[in-house]
Amino acid sequence: MTATTLNPYQQPIGNALPDWSPRPLPPHVPLAGRYCRLEPLDAARHADALFEAFGHAQDGRDWTYLMEGPFADAGVFRAYIERIAAKRDPLQYAVIDARTDRAVGTLALMRITPDHGVVEVGAVTFSPLLQRTPASTEAQFLLMKHVFDELGYRRYEWKCDTLNAPSRQAALRLGFEFEGIFRQAVVYKGRSRDTAWFSIIDADWPPLRAAFEQWLLPDNFDGQGRQRASLAALRAS
């Protein structure tokens, strides 16, 4: 933000927001796309399918940078899903594969701050059945679109362990801007975490939305499901 206004004391101040009002809390409702849909996470509906989907992983590395997990026992995993599904911040969603109608991952809106129009996407836990598919990108797009277009938030955040290279790469691919590192910000799993911060703001959103919409078109994928144009290339154009 560039200050363009001086107050009566000749101090630079930020842009005025005369029409601003606090944003609504996100309603916990389904969000439908072409390749997937997001449903409010529910252990009775989703725990068994999620446990099966995560079981396709060869090892537990996908859980290294998450606050909990991995889970070798279905009962312990169901208890975990029941616990996180009951919260309203983070607000957890199951990602449902449109082809199989089964849950293949989860993600959440968290640190929801309606007064300032700020929300974070986090707890992104995608199984091998979802990773690197059009549905994985669409799941992220559906939440972004909900936050910016339907709820009118100003800022959408992504945070991760600064050592989590795949998460940092994912944030940049999705159009988030790197903002810096908060040193020793979190303690989890008995270790220290420096946190990398990324964001998308409302001014970034219209061209980013157009790139997502182009990328997600069926004709952007060949017969083997490989992309013809990358999301980065569509953003650049």
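See the values below:
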{"item": "Spherically averaged projected area in nm², based on the convex hull that wraps the Cα atoms of the stretch 106-195", "result": "6.5 nm²"}
{"item": "Interchain or long-range residues, amide H under 5 Å from Leu91's placed H", "result": "Leu109, Met110"}
{"item": "Residue-averaged [θ]222 nm for the chain, counting only DSSP H segments that reach four residues, each worth -39500 (n - 2.57)", "result": "-8000 deg cm²/dmol"}
{"item": "Counted charge near Arg102, where neighbours are those whose Cβ lies closer than 15 Å (Asp, Glu -1; Lys, Arg +1)", "result": "-3"}
{"item": "Inter-site label distance for Asp115 and His56 at 7 Å from Cα along Cβ, in nm", "result": "4.4 nm"}
{"item": "Candidates per trypsin sites (Lys or Arg not before Pro) in the stretch 76-126, loop by DSSP, up to 13 other Cβ within 10 Å", "result": "Lys87, Arg88, Arg99"}
{"item": "Straight-distance crosslink candidates among lysines, where the alpha carbon sits under 23 Å from Lys145 and sequence neighbours closer than 8 are dropped", "result": "Lys87, Lys159"}
{"item": "Alpha carbon centroid spacing (whole Å) that separates the stretch 1-40 from the stretch 50-105", "result": "30 Å"}
{"item": "Over the chain: Kirkwood hydrodynamic radius from C-alpha pairwise inverse distances, Å", "result": "19.1 Å"}
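Here, each number is a calculation from the coordinates, and none is a lab measurement. Source: prediction; values computed, not measured. So basically every Cβ, Gly included, is an ideal-geometry build from the backbone, and we count neighbours across all protein chains shown.
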